[in-house]
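The values are calculated or read from the model by the stated rules, or taken from the named source; none is laboratory data. Because the structure is predicted, anything quoted here is derived from the model rather than measured. Neighbour counts are summed over all protein chains in view; Cβ atoms, including those assigned to glycine, are modelled from backbone coordinates with ideal geometry.
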Ligand SMILES: [Mg+2]
């Protein structure tokens, strides 16, 4: 699994699923038409959402899926977790779901998301109502706290996020890091850009993310939104066609 011309590791909402219908259709057709591109979804969504998504006509099927904000890794054919890649994540989480829910049950500004959790707990949040020391308290309990898109708050295993999990996957499958393109639009994608891999922040990226990637020369800031930004970046990094060999 090592001689791909391009490994596209992309966020879903606002990125792969963003842009105009025409931009999405064109990108999806391009991906379906080539056999030298490895598609990886890297999303905050759970596996149920992803299974429904890829069942839709015209939606390319990913070979690998990093779900739940980097805390789950699935085979894209079977939708089964890959235990060798999840072992460290599960160990760091330590079955802490119930403890986190109890800890934050009366926390102002947080509403528990109605989704099953494996190695994380996520909330819809109202940032203006959050206690200023919320992240510090979450960290003091041994977790990471991540505010994203101005409306989500994730409690994650310490040191686990989309980027570190993608690096673990790249190493596990012996992928060529120079052939990887990461794509995102919100703060929960920042860890993807902190990997040092080539990246694109799409045109509709949230301002906090744009500010955070400003001095990262390997991150291309596309003027195009969502799927249009990904297509733009494939051209920008010359991932558009098979490399001459
Ligand atoms: Mg997104």
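What the table shows:
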| quantity | calculated |
| --- | --- |
| Identity of the residue in segment 3-38, more than 16 Å from the ligand (Cβ to nearest atom) and closer than 19 Å to residue 165 by Cβ, that ends up surrounded by the most Cβ atoms within 10 Å (Cβ to Cβ) | 7 |
| Identity of the residue in segment 127-144, farther than 16 Å from residue 102 by Cβ and in contact with a strand residue (DSSP E or B) (Cβ under 6 Å, 6 or more places away or on another chain), that ends up surrounded by the fewest Cβ atoms within 10 Å (Cβ to Cβ) | 135 |
| Failed item in (1) within 12 Å of the ligand (Cβ to nearest atom); (2) without any contact (Cβ under 8 Å) to a residue 40 or more places away in the chain, with residue 213 passing the rest | (1) |
| Those residues of segment 179-206 which are in a helix (DSSP H, G or I), within 12 Å of the ligand (Cβ to nearest atom) and free of Cβ contacts under 8 Å to residues at least 60 places away in the same chain, in sequence order | 187, 190 |
| Conditions (1) within 14 Å of the ligand (Cβ to nearest atom); (2) over 27 Å from residue 178 (Cα atoms); number of the one not met by residue 44 | (2) |
| Test result for residue 161, over 17 Å from residue 73 (Cβ atoms) and touching a helix residue (DSSP H, G or I) at 6+ places or on another chain (Cβ under 7 Å) | no |
| Residue ID - surrounded by the most Cβ atoms within 10 Å (Cβ to Cβ), chosen from residues in segment 64-74 that are touching a residue at least 60 places away in the same chain (Cβ under 8 Å) and outside any helix (DSSP H, G or I) | 66 |
| Residue 38 vs. criteria touching a strand residue (DSSP E or B) at 6+ places or on another chain (Cβ under 9 Å) and farther than 24 Å from residue 190 by Cα | no |
| Among (1) under 26 Å from residue 237 (Cα atoms); (2) under 17 Å from the mean Cα position of the chain (by Cα); (3) modelled with pLDDT under 95 - the single one residue 3 does not satisfy | (2) |
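A quick yes/no check of all residues on (1) modelled with pLDDT of 95 or more; (2) under 30 Å from residue 239 (Cβ atoms); (3) surrounded by 21 or more Cβ atoms within 10 Å (Cβ to Cβ):
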residue: 40; (1), (2), (3): yes, yes, yes
residue: 54; (1), (2), (3): yes, yes, no
residue: 61; (1), (2), (3): yes, yes, no
residue: 97; (1), (2), (3): yes, no, no
residue: 115; (1), (2), (3): no, no, no
residue: 125; (1), (2), (3): yes, no, yes
